[in-house]
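Taking it in order: structure first as structure tokens, then the write-up.
The values are calculated or read from the model by the stated rules, or taken from the named source; none is laboratory data. For clarity, every value in this text was computed on a predicted model and none was experimentally measured. Using ideal geometry, Cβ is built from the backbone for each residue, glycine included, and neighbour counts are taken over all protein chains shown.
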């Protein structure tokens with residue numbers, strides 16, 4: 001049998017499919033999610049059901065978002081899962097997750113995310129954070145490291161700031177390639193994201209925080225004086241106690257919030 005085949009399904013490279021095959025690791029992941037009956041659970045990319053089956057065993061029912069029509073078909077005809085699943089056959093990047101949430105039952109989202117679209121998918125999911133209780137994702141370890149990174153480290157960047165601004169980021173466990181079929185060429189990790197109920201130092205416009213991060217880290221070896229020269233005058237940085245000779249990774253998240261609010265104010269005055 002092909003090394004890219006698992007349980008009779010040929011993994012599709014265009015969907016970034018790598019299927020979990022280690023029962024002990026699957027059990028640890030489900031324990032970390034800790035699904036309970038009555039919760040509003042949503043799985044992205046259920047695949048061949050490695051996490052789906054044990055989660056349904058604990059929770060009783062589950063919504064799933066699956067793009068691969070072959071896998072969606074398998075789930076619809078699964079002998080004991082089919083009646084317990086609500087299947088949404090759609091690209092998760094285009095799905096409005098608010099459709100599944102209620103005020104009484106916020107979403108608990110989890111999944112082994114395709115590594116080739118993990119960052120845009122995280123940004124998409126963060127746009128629904130007000131409807132989310134928590135999220136548990138399997139990602140490339142490097143991505144989890146970037147999400148959880150602190151200032152003054154090489155991993156600190158746009159993903160760190162945008163994620164930590166909106167969520168508590170908790171790395172849960174690391175997983176080697178041998179736990180998957182086919183085995184990826186990278187290490188993986190589970191991360192728990194818990195959206196902040198309140199943000200102590202909110203930005204006036206989230207899109208301006210994103211713009212400031214993109215501008216800063218597009219050429220991260222430049223000083224912020226140079227990277228922001230078309231956006232914010234160096235004297236304005238100094239006036240806000242931000243050293244213009246620093247590089248982007250040397251700034252705190254609060255300083256990026258300050259920069260975003262400066263940009264917002266400049267737009268309003270233009």
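Among residues belonging to segment 180-194 that are surrounded by fewer than 20 Cβ atoms within 10 Å (Cβ to Cβ) and in contact (Cβ under 8 Å) with a residue 24 or more places away in the chain, point out the one that is nearest to residue 28 (Cα to Cα).
192
Can you tell me which residues in segment 126-140 are crowded, with 18+ Cβ neighbours inside 10 Å and farther than 11 Å from residue 107 by Cα?
Matches in segment 126-140: 126, 136, 137, 138, 139, 140.
Right, residue 110: free of Cβ contacts under 8 Å to residues at least 60 places away in the same chain, under 20 Å from residue 137 (Cα atoms) and touching a strand residue (DSSP E or B) at 6+ places or on another chain (Cβ under 9 Å) or not?
It is false that residue 110 is free of Cβ contacts under 8 Å to residues at least 60 places away in the same chain, under 20 Å from residue 137 (Cα atoms) and touching a strand residue (DSSP E or B) at 6+ places or on another chain (Cβ under 9 Å).
Conditions first: (1) under 24 Å from residue 120 (Cβ atoms); (2) surrounded by fewer than 20 Cβ atoms within 10 Å (Cβ to Cβ); (3) without any contact (Cβ under 8 Å) to a residue 40 or more places away in the chain; (4) outside the structural domain of residue 125 (by TED's automatic domain parsing). Residue 174 passes all but one, so which condition is the exception?
Every listed condition holds for residue 174 apart from (4).
Which one of these is in contact (Cβ under 8 Å) with a residue 60 or more places away in the chain and either exposed (fewer than 14 other Cβ atoms within 10 Å of the Cβ) or not assigned by TED's automatic domain parsing to the domain that holds residue 158 (or both): 245, 264?
264
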